[in-house]
Structure formats: C-alpha cells, structure tokens
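Student: Below is one structure. I have some questions about it.
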C-alpha cells in the first residue's frame, strides 16, 4: 500500500506577510523578523491536518497550499 | 562586457581549419572561431563542422544521456534528463528557448558564442527542437546580439536548415533576466526579469504560451551540436565521468583583461590558468560560478580539479564558468558589499523574505566593510541572515546571494576579524568586481 503525506507549501510571491497562517497553525508555522511565514520542514501529522486546512482557507492571499506527496 | 575587453585565450593560433574531423584537442567550441572581428558564416561553419547529422525522432536523447552533458547556465543539470522531461502535452507542442541572456556581470562566454559562433548555438537548438518535437525556437539574447543573430537565422532560413521557425526575443538588462521562469514570463509579455513561483507547475510542463518549454543555455546547446556530430564517446574523451567535456570560463584577474578560456573538465584549475602554487600569496580569494556562486581560498583554487563535484565540496560551483581572482590590494569586504547591494537591487521585489533579507544582508556587509566598529553586539549574524533567505523566495536568487556571502565569510574570515578589531581598510584601490554602470533604482 503506497503511503502518502501532506506538506504545506507557500507561494512567496502571493504571500504578503499577514501572518494569519501562523496564528492558526503555530505548531508548524512561525514568523521571521519581517512577519513572513517560516514553515517547519516535514509532513503534517494527522492530528494537525484540520488546522492546516483551516490555515490554507484562512490565508487572505491564497498563498498557502496543502500538497499531497507520496512517502 | 564590451567586445574590446574580452580576449580569447587560444591554445593554437590561426583560424579553424576546414575539416569535418572531430576536434582532437582541448579546444572544441573555440576551435571553430574564425577571425575575432566577425561571426562565422554559415558556409564557413558547414565547411568546418560538416552538416548536422539527422537523428531520427528522439534517438539523440540516448546519445545525449550517454554523453553525460550537463548544463552550462549555472545549475549543471543533466541536459539529456532535461530534454526528456519536455514532451508534447495534448495539442501543445513544445517550445525551445536558446538562453543567451547572460546577466552575470563577470561572464562573457555566452556573448562570445552568440556573436562569433551563432550557428553552433542554432544547430544545438535545432537538435533540441527535433528531439522534443518543438514547433518553435526562440533565441533570447541582449539587444546588441540581434543583428548577428538575425543574419545567422536568415542564412539558415534560405537553406531550410531547421525543423521549425526561429525568432529572437530581446532580453532585459537585469540580473534575473536569464532565470528560467523570468525568461518565459518575458516572452509571454508579462513583466520582464520577474520569476514565477513554478514549484507546482514547472516551465517544462507549462511555459511559453502555456506550452511545455525547454530553456537551455547557449553553451549547452553548442556542446550538444558537437555531440550530435561526433558522438558521446568522443565527448567523453575529455573530462571525468561526472563532469565530462570542456567548459568555457570567463577569467578575471589572471591577465590584464578578462579572457574566455575553454577548459577541459577534471584538470587542475591552476594548470588551466597557468598558475603555480607560488601565486597563491598574490590572490586574496577566488570566486567561482558567478555572483551566486562561492568563494574559495587561492590555495584551494590552484589545487582544485575543475569538476562540479569538487567545487560543490568546497561550498561553491563552476556555475556559469565565472572565475575571478581577487588581487591583494583591494578590500575583499568592500568588494563583497558592493556586489551584495547590487544583487539586492536586482531582485524582482516580489517575495518578502528576499526583499527584506537581502537588504539586511547588504546593510550588514556594508557596515562590516565601512563602519565595522558600529556593529551592535546583538546584531543579527551573517549566518542567521543567510538562513532566513535561503529557500524562501520564488527563485534561487536569495540562495545565490546567501552562498556568495557565506563563502566570503569563510574565505575572508581573517579580514573580517581585522576590520572588527582595527576598523576599515582605507584601501585606495579601484573597484574590482565588475558591475554594470549604476542606474537609477526603480521605486517599488
């Protein structure tokens, strides 16, 4: 059975540093000194997937995407 | 770089002899050079190299894979793999872009190829077009190359040499003009020299006019055109298994003027430059690759086997073939800070981490160079700033700047300590690292 996982990907051109994603998913998203998101590397654990989807939906610039990758 | 400032270092003198034999020596691309003042005409080109052999369908792809040819635009990505990844998608035929934008200020090799050996480049583009089934070839070059390229294209059109039409697109005079997605955007009539975020939709799938697009450096295409004639085995007679063939280097600081050298990969860089280890004391540091490349010490450089792997093991890269020997009478930190500020200004201004991070890096390097004792104790360190920009832009521009700065910090470490203890150099030497003439910065 092929396993897959999800990662968060930011489009840095669309992102304007509103920081909404970091508020919704602080477990995986921090902010740099200028307010732009830094996403922790790696798969989003199952228990955070809901929050990750909310972060994606909450981005005012649609800059965040949840991407499926095969393990 | 102006034509008068570029010399070509030739290991043999005289014009290329009319021959259809494969070049036996180190000089391959440059062995076809005629009189330096004029481009090689189609007639002379065909007399020197013979006609481009016909390779059925995509059969040349196997030969290209066997040759191990890697791209000479900066990334050293295997060319065969790249061509294979560009395929017809639905009704959209691929487009081939011969990329001769060469925005690296310290590089002149692509300019040399485009101006003097246009048919080598166009042969390579034709072979690529046949392999990927392209319906169009575009030649992306600076304004000054339009006349010579137009004439070369017209010469070929009259003899119906090529599988599809060839047109010219003028490249912008910006550092990012040659970046892959920026090239596509410029052709699609959007903002020039502005990359796109292509992670989810690469250019090889959707590029010019929404078609699968192959963007290939002109030197890579020139090598491909010779492999199409003489084969992979011939190509591999020079070089190493991982870095086969030759590479054009633009060398600054070795002779009185910058020169272009065709170097066999795998041979020592010192040997290529005709320098022994005793020269190392006169050289403060060596920049390899370009302004997104990496600095190495003079001893490392003179002993370095010219392979991409060796360069990467030192945190650098052969990149676009730029080699700069920094003389001992200039302040390395002042030179580095000038380039970093230039690179900051050349960003597309699209990504927050790059816009902010490169400005912070440039300011820090300027402080180190000019007012080192004003640096606050808690100021953000250079390695931290580099980590803050790496991987966080839509393109690899911030990564290049970070590599340039990180490696400079290593190589010029002693000089940094000197500045912090004693203050700036007060060097009176002229600026050394080449930069385009300053122009008014665009307000963003």
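Student: What shape does the range B:263-407 take by its C-alpha gyration tensor, where a ≥ b ≥ c are the square roots of the eigenvalues and a/c under 1.5 counts as rounded, a/b above b/c as prolate, and the rest as oblate?
Tutor: Here the range B:263-407 falls in the oblate category.
Student: Tell me, in nm to one decimal, what length is gained between residue A:40 and residue A:7 on full extension, where the rule is 0.36 nm per residue of separation less the Cα-Cα distance?
Tutor: Taking residue A:40 through residue A:7 to full extension adds about 10.9 nm, to one decimal.
Student: Given springs between every Cα pair under 10 Å in a Gaussian network model of chain B, which of B:102, B:344, B:271 has the largest fluctuation?
Tutor: B:271
Student: Could you give the nm distance between label points at residue A:69 and residue B:384, where each point is 7 Å from its Cα heading toward the beta carbon?
Tutor: It is 2.8 nm.
Student: Would you mind classifying the protein assembly as shown by shape? Square roots of the alpha carbon gyration tensor eigenvalues, ordered a ≥ b ≥ c; an a/c under 1.5 is rounded, otherwise it is prolate if a/b is larger than b/c and oblate if not.
Tutor: It is oblate, given that a/c is not under 1.5 and a/b is not larger than b/c.
Student: Relative contact order for the range B:141-194 using alpha-carbon pairs under 8 Å, separation at least 6, rounded to a whole percent?
Tutor: 30 percent
Student: Still on this model: Using a Förster distance of 56 angstrom, determine the FRET efficiency expected from the C-beta separation of residue A:47 and residue B:54, and round it to 0.05.
Tutor: With R0 = 56 Å, the Cβ-Cβ based efficiency is 0.40.
Student: When only Cα pairs under 8 Å and 6 or more residues apart are kept, what is the percent relative contact order across chain B?
Tutor: 16 percent
Student: On to the next question. Using 0.36 nm per residue of separation minus the Cα-Cα distance, give me the extension gain between residue B:418 and residue B:62 in nm, one decimal.
Tutor: Between residue B:418 and residue B:62, full extension yields an extra 122.7 nm.
Student: Restricting to the protein assembly as shown, compute how many DSSP beta bridges are antiparallel as a %, nearest 5.
Tutor: Of those bridges, close to 60 percent are antiparallel.
Student: Please work out the FRET efficiency for the pair residue B:428 and residue A:31, using the Cβ-Cβ distance as r and a Förster radius of 45 Å; give the result to the nearest 0.05.
Tutor: After rounding, the FRET efficiency stands at 0.50.
Student: Report the Cα centroid-to-centroid distance between the range B:102-127 and the range B:287-346 in angstrom, as an integer.
Tutor: About 23 Å separates the Cα centre of the range B:102-127 from the one of the range B:287-346.
Student: Label points 7 Å out from Cα along the Cβ direction at residue B:299 and residue B:206: separation in nm?
Tutor: 5.3 nm
Student: Now a separate question. Calculated FRET efficiency, residue B:256 and residue B:189, Cβ-Cβ r, R0 45 Å, to nearest 0.05?
Tutor: 0.55
Student: A further question follows. Give me the number: length gained by fully extending residue B:329 to residue B:35, i.e. 0.36 nm times residue separation minus the C-alpha to C-alpha distance, one decimal in nm.
Tutor: Computed gain between residue B:329 and residue B:35 is 102.2 nm.
Student: If Rh is defined by the Kirkwood formula over all Cα pairs and Rg also comes from Cα, what ratio Rg/Rh do you get for the range B:65-179?
Tutor: Taking Rh as the inverse mean 1/r over Cα pairs, Rg/Rh reads 0.95.
Student: Just grab the label-to-label distance for residue B:77 and residue B:410, each label 7 Å out from Cα along the Cβ direction, in nm (one decimal).
Tutor: In this crude label model, residue B:77 to residue B:410 measures out at 2.5 nm.
Student: Continuing with the same structure: Given contacts defined as C-alpha pairs under 8 Å and at least six residues apart, what's the relative contact order of the range B:86-157, whole-number percent?
Tutor: The value is 43 percent.
Values in this text are rule-based calculations from the coordinates and carry no lab data. Note that the structure is predicted; figures quoted are calculated from it, not measured. A quick note on method: Cβ atoms are made from the backbone with ideal geometry, for glycine too, and the neighbour counts reach across all protein chains shown.
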